[in-house]
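Q: Structure in structure tokens, see below.
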Amino acid sequence: MFIPCDRGRGSAAPDFKGFTLLMPAVSVGNVGQLAIDLVISTLDMIKVGYFYTDCLVPMVGNNPYATAEENSTELSINAEVYSLPSKKLVVLQIRSPFIKNKYRPFCETLLSWVKSSQCARVVLLSSSHAYQRDDEQLLGTPLRYLLTPDLEKAVGGRVQELNWKEMEKVAAYPGISDTDKVLHIPGGGITKLLFTESCSKGIQMAVLLKFCSEGDNIPDAFVLVNYLNEWLQLIKSEVSTSNNSTDPSSQWKIPSSWRLLFGNGLPPALF
Amino acid sequence: MATFFGEVVVAPSRAGLDEEEDAREETPEDREIRREIEKKRYRQRCSGGIDVLWTWKAGGCGEEPLVCSRFIVAIGRNAAAFLSSFILDSVCWEVVGVVKLWNEWCRTSSTTNVLPTDSFCLFYRLISDPTVLLCQCSCYVAEDQQFQWLEKVFGSMQKKGLQVTILSTCPVADYKTQESTLTLASPFLRALKTKEFQDQVCCPLLEQPNIVRDLPAA
């Protein structure tokens with residue numbers, strides 16, 4: 001599944017042992033994917049390979065993180081892997097939806113790749129339909145987390161310190177009070193499947209998600225990536241001297257591919 | 001999502017989510033239609049409902065791969081018509097293969113005698129240089145067939161020093177640019193190339209945030 005980039009004669013295949021794998025779920029508003037774009041773009045991550053898979057709709061384009069003419073001509077496809085060894089971080093970006101009935105095989109192959117490459121843990125960025133929140137979820141923070149039992153032991157304390165809110169379970173049969181509670185992540189794509197599979201396979205996985213709706217999801221991406229940063233500290237959140245508050249939003253670099261998200265310029269003849 | 005009349009409808013998502021809930025809301029009629037389509041797709045002995053038939057294999061040549069140095073693929077009716085009008089003729093080119101596939105949008109057959117209005121996918125070889133291969137694919141290859149198409153076509157080739165050129169068209173309205181597409185001089189060309197391609201490209205490269213999808217991307 002994973003094909004390393006050819007970096008020249010003699011270069012070894014990348015080693016992800018002990019790394020944190022950061023990846024998005026293709027979910028409502030594409031928030032996870034947008035947040036991953038911000039991480040790759042800001043940290044100037046190097047592409048180390050891609051996934052050769054028949055599970056995602058094919059697409060190709062030029063370098064989405066291009067900053068100048070010289071680096072704009074590298075081809076980019078639907079599932080690529082970037083790495084930052086100094087932070088022991090490996091990032092998977094997924095750029096297209098799943099082909100019908102192929103999301104299960106993809107999850108299985110992905111999790112077995114995680115095991116074989118000996119990643120220490122997986123952090124999944126995702127989102128869920130805001131309109132499916134219950135009365136209590138409408139109040140307070142729209143951000144939630146989930147930890148597999150193995151990761152709970154390792155980082156549960158840190159998460160408590162950060163005062164994060166765990167994703168609530170809902171009744172399996174709404175309206176009936178004494179029914180079992182189950183995990184329900186509407187609009188989350190493969191989030192629930194990956195999480196439940198990781199629990200049963202003993203993989204350390206954290207899910208960070210935001211309640212949102214379709215629309216301009218750029219602000220949602222910023223909120224989610226700042227949430228991630230509270231824990232992983234990927235970039236320093238500088239204290240702003242003017243209003244004495246911590247606002248790291250301005251330190252994330254927007255990639256050049258985010259241009260024209262809502263269409264072209266207007267024809268002058270319209271007016 | 002609540003609408004003007006107060007009922008709650010499921011909002012469609014850009015993310016193209018394939019939720020398990022969709023299957024539960026199917027009517028029995030929908031389920032029957034879906035089952036029939038799946039049966040038809042996979043009825044053929046090959047997987048994914050797609051098969052590549054090479055004429056040079058029929059003569060008992062065994063499973064030897066075709067040696068190919070240049071492979072030109074025209075995807076879509078416009079690109080296929082371009083090849084028919086300017087490149088192909090019965091003197092210099094011979095048919096060497098055909099793709100047989102079926103999906104909900106089109107069906108191709110194993111005949112090589114096609115009309116321009118048919119959906120077909122044919123392979124031609126230059127008689128004077130048999131390592132030059134050409135493919136005209138005017139049929140729609142469904143997203144779950146694209147991978148099989150690639151594996152079956154490229155799997156039959158010996159790819160030493162192979163140069164692949166893909167010709168395709170996209171609507172001008174899909175082109176993302178700062179100005180309005182109304183004032184753009186169309187048609188116009190754009191290209192994508194791998195870093196291994198060292199030759200001169202005859203037109204500008206495709207600018208961000210434009211992308212290519214489906215079979216040309218695959």
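Q: Using amide H atoms built in the peptide plane, which far-off residues or other-chain residues are under 5 Å from A:Met205 H to H?
A: HN-HN under 5 Å from A:Met205: A:Val122, A:Thr148, A:Leu151.
Q: Here's another thing I want to ask about it. Could you work out [θ]222 nm for chain A from helices alone, using -39500 (n - 2.57) per DSSP H run of at least four and dividing by all its residues? Round to the nearest 500 deg cm²/dmol. Let's see the in-between values first.
A: Working: 5 runs with 65 residues, N = 271.
Estimated from H runs of four or more residues: -7500 deg cm²/dmol.
Q: While we're on this one: Quick check: Cα centre of region B:61-140 to Cα centre of region A:140-214, how many Å?
A: Result: 51 Å between the Cα centres.
Q: Subtracting the Cα-Cα distance from 0.36 nm times the residue separation, let me have the gained length for A:Gln160 to A:Glu108 in nm, one decimal.
A: Taking 0.36 nm per residue and subtracting the Cα distance, the gain is 15.6 nm.
Q: Okay, next question. Treating only the Cβ of Lys, Arg, Asp and Glu as charged (+1, +1, -1, -1), what charge dipole size does region A:171-232 show about its Cα centre? Round to the nearest 20 debye.
A: Value, rounded to 20: 200 debye.
Q: Still on this structure, I have one more. From the phi of every residue in region B:64-77, what ³J(HN,Hα) in whole Hz does the Karplus formula 6.51 cos²θ - 1.76 cosθ + 1.60 yield, where θ is phi - 60° and glycine or proline is x?
A: Karplus values, whole Hz, x for Gly and Pro: 5, x, 7, 7, 9, 9, 9, 10, 10, 10, 10, 10, x, 5.
Q: Go through region A:176-228 and name the chymotrypsin sites (Phe, Trp or Tyr not before Pro) that are in a DSSP coil and have 16 or fewer other Cβ atoms within 10 Å of their Cβ. Can you show the working numbers first?
A: Values: sites: A:Phe195, A:Phe211, A:Phe222, A:Tyr227; in loops: none.
When the chymotrypsin sites (Phe, Trp or Tyr not before Pro) of region A:176-228 are filtered for loop state and at most 16 Cβ neighbours within 10 Å, nothing remains.
Q: Under 1.5 on a/c is rounded, so check that first for region B:66-170, then, if it is not, pick prolate when a/b is larger than b/c and oblate when it is not; a ≥ b ≥ c are the square roots of the alpha carbon gyration tensor eigenvalues. Walk me through the numbers before you get to the answer.
A: Numbers: a/c = 1.60, a/b = 1.20, b/c = 1.33.
It comes out oblate by the Cα gyration axes.
Q: Continuing with the same structure: Positive end of the charge dipole of region B:66-170 (Lys, Arg +1 and Asp, Glu -1 on Cβ, about the Cα centre): tell me which of B:Asn103, B:Thr131, B:Ser85 has its Cα farthest that way.
A: Toward the positive end, the furthest listed residue is B:Thr131.
Q: Report ³J(HN,Hα) in whole Hz for each residue of region A:78-91, in order, from the Karplus equation J = 6.51 cos²θ - 1.76 cosθ + 1.60 where θ = phi - 60°; Gly and Pro get x.
A: Result, ordered by residue: 6, 9, 10, 10, 10, 9, 9, x, 5, 10, 6, 10, 10, 10 Hz.
Q: Of all chymotrypsin sites (Phe, Trp or Tyr not before Pro) in region A:31-69, which ones are in loop regions per DSSP and have a Cβ with at most 14 other Cβ atoms within 10 Å? Before the final figure, lay out the partial values.
A: On the way: sites: A:Tyr50, A:Phe51, A:Tyr52, A:Tyr65; in loops: A:Tyr52, A:Tyr65.
Here the sparse-neighbourhood loop sites are A:Tyr52.
Q: Starting from 0.36 nm per residue, how many nanometres of slack lie between B:Leu162 and B:Phe5 once their C-alpha separation is accounted for? All intermediate terms of the calculation are to be shown ahead of the outcome.
A: Values: separation 157, 0.36 × 157 = 56.52 nm, distance 6.03 nm.
Fully extending the segment from B:Leu162 to B:Phe5 adds 50.5 nm.
Q: Cα to Cα, under 16 Å, and not fewer than 8 places away if on the same chain: which lysines meet these conditions relative to A:Lys169?
A: Filter leaves A:Lys181, A:Lys192, A:Lys210.
Q: Next question, about the same structure. What does the charge dipole of the protein assembly as shown about its Cα centre add up to, to the nearest 20 debye, if the Cβ of each Lys and Arg holds +1 and the Cβ of each Asp and Glu holds -1?
A: Roughly 1300 debye, rounded to the nearest 20.
Q: Tell me the trypsin sites (Lys or Arg not before Pro) within region B:166-204 that lie in a loop according to DSSP and have at most 12 other beta-carbon atoms within 10 Å.
A: Here the sparse-neighbourhood loop sites are B:Lys195.
Q: Computed FRET efficiency, Cβ-Cβ of B:Ser85 and B:Ser128, R0 22 Å: what is it to the nearest 0.05?
A: It comes out at approximately 0.60.
Q: Taking amide hydrogens as modeled 1.01 Å from N in the peptide plane, which residues meet the under 5 Å criterion relative to B:Thr165, leaving out close sequence neighbours?
A: B:Phe71, B:Ile72, B:Val73
Q: Once R0 is set to 45 Å, what does the formula 1/(1 + (r/R0)^6) return for the Cβ-Cβ distance between B:Glu29 and A:Tyr173, expressed as a FRET efficiency to the nearest 0.05?
A: With a Förster radius of 45 Å, E is 0.95.
Q: In the structure displayed, which of A:Lys236/B:Lys195; A:Lys253/B:Lys176; A:Lys17/B:Lys39 lie more than 32 Å apart, Cα to Cα?
A: Working: A:Lys236/B:Lys195 35 Å; A:Lys253/B:Lys176 21 Å; A:Lys17/B:Lys39 44 Å.
Exceeds cut-off: A:Lys236/B:Lys195; A:Lys17/B:Lys39.
Q: If you restrict to DSSP beta bridges whose two residues both lie in region B:66-170, what percentage is antiparallel, to the nearest 5?
A: Antiparallel bridges make up about 45 percent of those DSSP assigns within region B:66-170.
Q: Which value, in Å³ per residue, describes the convex hull spanned by the Cα atoms of the protein assembly as shown?
A: Looking at the protein assembly as shown, the number lands at 223 Å³ per residue.
Q: Counting Lys and Arg as +1 and Asp and Glu as -1, each charge on the Cβ, what is the dipole of region B:66-170 about the Cα centre in debye, to the nearest 20?
A: With Lys and Arg at +1 and Asp and Glu at -1, about 220 debye.
Q: Considering only DSSP beta bridges where both residues belong to the protein assembly as shown, give the percentage that are antiparallel (nearest 5).
A: On the way: 45 of 77 bridges.
In the protein assembly as shown, DSSP labels about 60 percent of beta bridges as antiparallel.
Q: Further question: Go ahead and run the numbers for FRET between A:Asn71 and A:Ala269, Cβ-Cβ distance against an R0 of 35 Å, rounding to 0.05.
A: After rounding, the FRET efficiency stands at 0.45.
Q: Using a 10 angstrom Cβ neighbour count of at most 10 plus a DSSP loop assignment to flag exposed trypsin sites (Lys or Arg not before Pro), which longest range of chain A is free of such sites?
A: Working: sites that count: A:Arg9, A:Lys17, A:Lys236.
Longest gap between qualifying sites, sites excluded: A:18-235.
Bear in mind that the values in this text are calculations on the coordinates, not laboratory data. The model shown is predicted, which means the values in this text are computed figures rather than measured ones. When we count neighbours, we look across all protein chains shown, and the Cβ atoms used for this are built from the backbone with ideal geometry, even at glycine.
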